[in-house]
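This report refers to the structure that appears directly beneath it.
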Amino acid sequence: MAKKPSYEELEERVKELERRSVEFKGAEQALTESESKYRELADLLPQTVFEIDEKGNFTFANRYGFESSGYSQEDIDRGLNALQLFIPEDRERVARNIRKILSGEKSQGHEYTALRKDGTTFPVLVYSSPIIRDDKPVGLRGIVIDMTERKQAQEALRDSEEKYRGLFEGASDGIFLADAETHIILDANRHAERLIGRPREELIGMPQSKLHPPDHAQYYEEKLRKYVRKGRVLDLQAEVIRKDGGIVPVFISASVVTIHGRQVMQGLFRDATEERGVLNLTEEITTKQAIDKAKRLLMDRHGISEKEAMSRLQKESRRQRRKVKETAQAVISSELILN
């Protein structure tokens, strides 16, 4: 038969229970104060902060949560469930992810389409973690980030990139994009492919200097580095070399732009073959006009034939080692009197 505890032992047990009761009440009060501070801080955040039980019913939402969803504390008191805040197509996935997190799986963030009380929708990103009490999950606590502005920015960027790509590909000039520091080609449009005779896959990753004839590559490289350092626009007459070895005269207009935070050289290469042909033809015409005028002056001045006048111009040009056109211009301006 068990020994009956003495009066002293009973008194000691009562005191122990009283001490534990005081400690429990202190801990309970501290917990209550902690929860109160947590909720006060949550009300200051510009995102939705929430808590739900294991069935998905809301037990807490901060001020922003009510403002963004259109629901109220009364709705929570009446048993508002988390699934009601998402479009029907997302609810099965939401429920599945709640179960996974309650079972211990770490949340990496989930994207859903949220549903306001008035029926309007908006994109959200939800992060959550289990609420543990007595070593058991009793619900979830998390944060909901409204993705509307981010999605709009992404769509605007995508539209902008599509428009840029359309202009890039449709340009009548060859366009090359190269890293401003390494001068490695990052992209090229279709006209650039035709100009150089290489597909884009070959051009990307190629040093920009490889676009030019080897004996002039260093000259163009130094020019580019100089203009990049000074941040100026580069306008340059140059030559590029095709894959088949052919040389093409070009006009280059290059500048440094920032794309996605990266400094990039954007170079417009215009095929100058036709322009050079026009310039050569113009040069031929002006040369012929100058020589014809100089010949007439010599013929009149010395009474000689056209053939003799031309012979004198050529002989003087060889003697002075300059072009016949320059000699003819000197005759026209009376700087040179040929006997």
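For the reader, a short list of remarks on this structure follows.
- Elements of type helices (runs of 4 or more DSSP H) in segment 122-229, at least 2 residues being closer than 30 Å to Q108 by Cβ: 148-170
- Being closer than 30 Å to S128 by Cα and over 26 Å from the mean Cα position of the chain (by Cα) holds for only one residue in V250, V144, and it is V144.
- Test: R141 is of a type in the set (K, R) and touching a strand residue (DSSP E or B) at 6+ places or on another chain (Cβ under 7 Å): yes
- Of all residues making up segment 260-294, the number that are modelled with pLDDT under 85 and either in contact with a His (Cβ under 7 Å, 6 or more places away or on another chain) or buried (at least 18 other Cβ atoms within 10 Å of the Cβ) (or both): 4
- Flag if P199 is without any contact (Cβ under 8 Å) to a residue 60 or more places away in the chain, exposed (fewer than 15 other Cβ atoms within 10 Å of the Cβ) and touching a helix residue (DSSP H, G or I) at 6+ places or on another chain (Cβ under 7 Å): yes
- Criterion: outside the structural domain of E111 (by TED's automatic domain parsing) and at pLDDT 60 or above - qualifying residue of R20, R63, R39: R39
The values are calculated or read from the model by the stated rules, or taken from the named source; none is laboratory data. Everything quoted here is computed from the prediction, not taken from an experiment. Neighbour counts run over all protein chains shown; Cβ positions are idealised from the backbone, glycine included.
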